[in-house]
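Undergrad: One structure is given below, represented as structure tokens, and several questions about it will come after.
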Amino acid sequence: MSGVHLPDEVDTIVVGAGTGGAAFTGLLAAHSTETVLLVEAGPDYGHFTDGRWPADVLDAKAIPLSHDWGLSGTVHSGRTLDLPRAKVIGGCSAHNGCTAALGAREDYDEWARLGNPGWDAATVEPLLHWTRDRFRVRRYRMDELTSAQAAFVRAGMSTGLPFADDLDDLEAGVGIGPMPVNIVDGVRWNASLAFLDPVRHRPGLTIAGDTTVRRVLFAGSTAIGVEIDSPDGARTVRAGRVIIACGAYQSPALLLRSGVGPAADLRALDIPVVADLPGVGGHLLDHSCVQLDFHGKDGLLDDLARTPWHPDEQTVGRARSSRCDNGPYDIHVFMVAGANSGHPGLPPISLYGGAMRARSEGRITLRSNDPHDLPRIDHRYGTDPDGYDRLVLSEAAELLRTMTTQPELAAILGREASTGDPLDRIVNYCHPAGSCKMGPGTDPAAVVDARGAVRGLAGLHVADASIMPAISRGNINLPTAMIGARIAAALLDITPVDAVLEQA
Ligand SMILES: Cc1cc2nc3c(=O)[nH]c(=O)nc-3n(C[C@H](O)[C@H](O)[C@H](O)COP(=O)(O)OP(=O)(O)OC[C@H]3O[C@@H](n4cnc5c(N)ncnc54)[C@H](O)[C@@H]3O)c2cc1C
């Protein structure tokens with residue numbers, strides 16, 4: 001038996017307590033007295049001060065693999081790649097690199113221009129700042145970095161990139177410097193600590209860990225609850241509305257299992273069709289990357305360990321490709337130097353160049369109608385018809401190569417360990433998005449409208465990274481929290497400004 005008493009019926013069920021689901025729940029619970037059940041497939045370790053959080057999940061130095069879903073997918077030319085995703089309260093924010101970016105003003109103005117009123121930068125800015133405050137983001141100084149990361153910054157500056165210490169600003173342009181992070185005294189300050197801890201005491205809120213939703217239940221075209229696997233067995237819970245926030249891989253998978261998606265695909269798997277929505281699982285975006293690996297100078301890991309603050313990833317450079325849009329940059333360069341725990345088996349130091357406006361679209365499909373089967377993920381990196389992604393990645397690789405000629409960085413990197421063309425082995429930045437695209441009724445690929453409501457159905461919303469109509473040009477944790485909060489504000493019928501006025 002679990003320690004949590006599951007209600008039979010609530011006003012709102014939120015499925016998934018990751019970045020989007022936690023921010024949604026935090027805002028909803030703070031502003032209403034309605035009953036809310038937040039269900040999460042992974043464990044709930046409770047309030048930070050309860051002291052039950054595992055050390056590896058809190059330790060921001062490296063990415064832990066202890067709570068991973070074990071997903072993998074096809075990425076390019078039939079290669080498969082592990083696609084890390086956390087199964088724990090806080091979701092991927094509980095095992096991520098903690099770099100905190102807001103994206104650029106142009107990103108959100110584009111979302112609005114694509115037919116999504118209320119998502120322009122001026123409207124969502126108060127929510128973005130709220131998420132940055134709640135994640136307790138702090139900017140670091142050069143003298144706090146490891147010598148390797150400081151050398152990476154200086155190498156970027158030697159190529160002409162200006163020094164930047166404002167990379168968590170909506171207005172930030174090209175530049176290189178220490179990346180602001182949501183790390184508090186070495187602790188990865190995840191979305192559960194940021195958004196759920198302040199509302200855990202609210203009487204209407206129940207949080208159930210180790211509870212997985214199999215499918216959403218409908219009466220006609222209205223969502224009326226969910227079917228779950230809980231520690232106490234399988235059962236149903238009825239709800240006035242269902243919010244799906246399972247992340248960009250699992251949200252479309254849950255919709256498909258529930259009969260919402262391309263009708264022919266659903267029929268082929270004997271899933272009764274509730275709504276024929278061809279866009280579900282399509283339009284899967286990510287920031288694809290090129291990767292250069294190095295052996296590192298002798299004693300590198302010991303040197304790194306001597307710096308008190310030494311996460312693997314500490315700095316970011318931003319640059320414009322020759323085909324950059326009207327936004328400030330479309331390339332990220334960064335270095336992962338240290339235990340490299342997110343990528344076991346790799347040398348201790350790697351350089352990455354990311355296409356931050358990548359346009360290649362992948363797809364999520366189901367393998368079967370068994371709710372316990374993990375979805376099939378095909379990312380199709382570097383396949384956009386205009387060749388934009390590959391061009392940006394090749395220019396990112398060129399920038400990295402120029403940086404590696406700078407003597408201080410070259411000495412730290414040592415011999416190169418990777419061989420061949422990095423474009424033949426494009427990798428992921430772990431920022432999947434867009435697979436339940438938000439858009440107007442005229443967009444045949446749109447899955448949800450600007451209020452996050454699933455098209456053609458009542459009582460069903462999506463509130464996570466999967467609704468991004470285009471990927472924001474930065475690490476997407478904070479933008480995803482903003483999405484959760486924005487959908488909650490819309491349901492509460494309050495403005496973003498009123499939404500972030502702190503509650504008693
Ligand atoms: C290794 C890694 C490093 C990253 N580093 C950074 C970084 O440094 N900076 C940054 O900004 N971003 C980073 N990201 C990306 C960022 O953390 C994610 O984009 C963001 O957390 C996604 O939020 P989400 O709400 O869309 O999904 P998630 O956070 O994945 O949340 C989905 C939740 O739903 C749960 N769930 C799924 N299916 C079910 C179900 N059927 N029933 C119940 N629960 C379910 C999952 O267990 C999970 O907790 C990183 C991601 C990874 C994986």
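Bear in mind that the values in this text are calculations on the coordinates, not laboratory data. Only a predicted model underlies this, so the values are computations on that prediction, with no experimental measurement involved. Methodologically, a virtual Cβ is constructed for each residue, glycine included, from the backbone with ideal geometry; neighbour enumeration extends over all protein chains shown.
Undergrad: For region 246-263, take each phi angle, set θ = phi - 60°, evaluate the Karplus expression 6.51 cos²θ - 1.76 cosθ + 1.60, and give the result in whole Hz per residue in order, putting x for glycine and proline.
TA: These are the phi-based 3J(HN,Hα) values: 9, x, 5, 8, 8, 5, x, 4, 5, 4, 4, 4, 8, x, 10, x, x, 4 Hz.
Undergrad: Gain in length, T159 to T49, computed as 0.36 nm per residue apart minus the alpha-carbon separation, to one decimal in nm? Could the numbers behind the result be given before it?
TA: Values: separation 110, 0.36 × 110 = 39.60 nm, distance 4.57 nm.
Taking T159 through T49 to full extension adds about 35.0 nm, to one decimal.
Undergrad: Starting from 0.36 nm per residue, how many nanometres of slack lie between T495 and R401 once their C-alpha separation is accounted for?
TA: Working: separation 94, 0.36 × 94 = 33.84 nm, distance 4.67 nm.
Going from the current span to full extension adds 29.2 nm.
Undergrad: Next up: What are the ³J(HN,Hα) values, in whole Hz, obtained from phi via the Karplus relation 6.51 cos²θ - 1.76 cosθ + 1.60 with θ = phi - 60°, for each residue of region 439-450 in sequence order, with x given for Gly and Pro?
TA: x, x, x, 7, 8, x, 8, 6, 10, 10, 8, 5
Undergrad: Report D for the chain in µm² per second (integer): Stokes-Einstein, Kirkwood Rh on Cα pairs, 4 °C, 1.567 mPa s.
TA: In µm²/s, the coefficient is 57.
Undergrad: Within the chain, which is the longest segment that contains none of the trypsin sites (Lys or Arg not before Pro) sitting in a DSSP loop with at most 11 other Cβ atoms within 10 Å?
TA: Counting only loop sites that pass the neighbour cut-off, the longest clear stretch is 142-305.
Undergrad: For region 447-504, calculate the relative contact order in percent as a whole number, restricting contacts to Cα pairs under 8 Å that are 6 or more residues apart. Could you put the intermediate results ahead of the total?
TA: Values: 41 pairs, mean separation 14.4, N = 58.
Reported relative contact order: 25 percent.
Undergrad: While we're on this one: Any aspartates and glutamates with Cα under 13 Å of the K297 Cα? List them, leaving off those in the same chain fewer than 8 positions away.
TA: E408, E416
Undergrad: Where a Cα-Cα gap under 22 Å defines reach, which lysines qualify for K87, not counting those fewer than 8 residues away within the same chain?
TA: K61
Undergrad: What's the extension gain from A268 to H295 if we count 0.36 nm per residue and subtract their Cα-Cα distance?
TA: Numbers: separation 27, 0.36 × 27 = 9.72 nm, distance 4.88 nm.
Length gained between A268 and H295: 4.8 nm.
Undergrad: Another question, if that's okay. Give me the distance in nm between label points sitting 7 Å out from Cα along the Cα-to-Cβ direction at R235 and D421, one decimal.
TA: Spacing of the two 7 Å Cα→Cβ label points: 5.8 nm.
Undergrad: Next question, about the same structure. Pull up all non-local amide H partners of G434: gap of 5 or more, or a different chain, and H-to-H distance under 5 Å with H placed in the peptide plane.
TA: Amide H to amide H, under 5 Å and 5 or more residues apart or across chains, G434 pairs with L285, S466, I467, M468.
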